[in-house]
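Notes follow the structure.
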Amino acid sequence: TLTDQSMDRMQEKSDQLVNRMSSTIDEFRNFFKPGKHAEAFNLANAIRASIDIMDGVFKNHAIALALECDEAMELFGVQGEFSQVMLNLLSNAKDALIQSKQPSPEIQLRAVRAGSRVLIDVEDNGGGIDPQIIGKIFEPYFTTKEEGKGTGIGLYMSKMIVDGNMNGRLTVANTGKGARFTLDLLAAQSI
């Protein structure tokens, strides 16, 4: 049953989602423009912003998500671009889990400090990436999705943002259960 409080919560959540989606569209539009303003930002908040966008989809598909991240950790870069990378990685993990028909789908997101670096893993249990194509997944327009369901731009743009704009590294490896994408970035305090 709907109550005034539940309607208010849904409206607030919808407003947040629309604002984040609008911000994401702006980030895509401004992606190739020079003069973007990089600054220190809270890592946990940026990750949560991406998780919030995917929250309804995860619930609809019973995908469990676990987040381990120090609340005080900061990165240096354009927060919207970083959130876009996280959104791409979470969306791809979701797609892999749905396609594999994993009975207990889960995504583990871990961020740990390693000296002056921050290592962020996005790991799923969706079966992994075919070893014959794993070396191609960051190429532009390469997609494993069926016709009309993928453009092959998401991972390419993610790699450009991490490797080019954030002076980091985005890599992928198969695990025993699925795929693990790792972002290796410089902590804000190290700059």
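The values are calculated or read from the model by the stated rules, or taken from the named source; none is laboratory data. Everything numeric in this text was worked out from a predicted model, so none of it was measured. All Cβ positions, even for glycine, are placed from backbone atoms using ideal geometry, and neighbour counts span all protein chains on display. Side chains included, ligands, DNA and RNA excluded: accessible areas come from the protein's heavy atoms. Shrake-Rupley method; radii C 1.70, N 1.55, O 1.52, S 1.80 Å.
Hydrophobic, long helices, defined as DSSP H runs whose alpha-carbon span along the helix axis is 27 Å or greater and whose mean Kyte-Doolittle value is at least -1.0, occur in the chain at 79-100. Using a probe of 1.4 Å, the accessible surface attributed to ARG110 totals some 50 Å² when neighbouring protein chains are kept in position. Stretched out straight at 0.36 nm per residue, the stretch from LEU186 to SER22 would grow longer than its current Cα-Cα span by 56.3 nm. Spatially close Lys pairs in the chain, defined by Cα atoms under 14 Å apart and a spacing of eight or more places or different chains, total 6. Between LYS13 and SER104, residue separation times 0.36 nm minus the direct Cα-Cα distance comes to 30.1 nm.
How would the chain be classified by its alpha-carbon gyration tensor: rounded, prolate or oblate, with rounded meaning a/c under 1.5 and the a/b versus b/c comparison settling the rest? Write out the running numbers ahead of the final one.
On the way: a/c = 1.37, a/b = 1.05, b/c = 1.31.
Rounded, since a/c falls under 1.5.
Using a simple spin-label model with pseudo-atoms 7 Å out from Cα toward Cβ, HIS37 and LEU67 lie 2.5 nm apart. Measuring gaps between exposed loop sites in the chain (GluC sites (Glu not before Pro); DSSP loop; at most 12 other Cβ atoms within 10 Å), the longest gap, sites not included, is 72-145.
ARG180 exposes around 80 Å² of accessible area when a 1.4 Å probe is run over every protein chain in place. Under a 5 Å amide H cut-off, with hydrogens placed 1.01 Å from N, LEU65 pairs with ILE107 among residues at least 5 apart or on other chains.
Each stretch of four or more DSSP H residues adds -39500 (n - 2.57); spread over every residue of the chain, this sum gives -13000 deg cm²/dmol at 222 nm.
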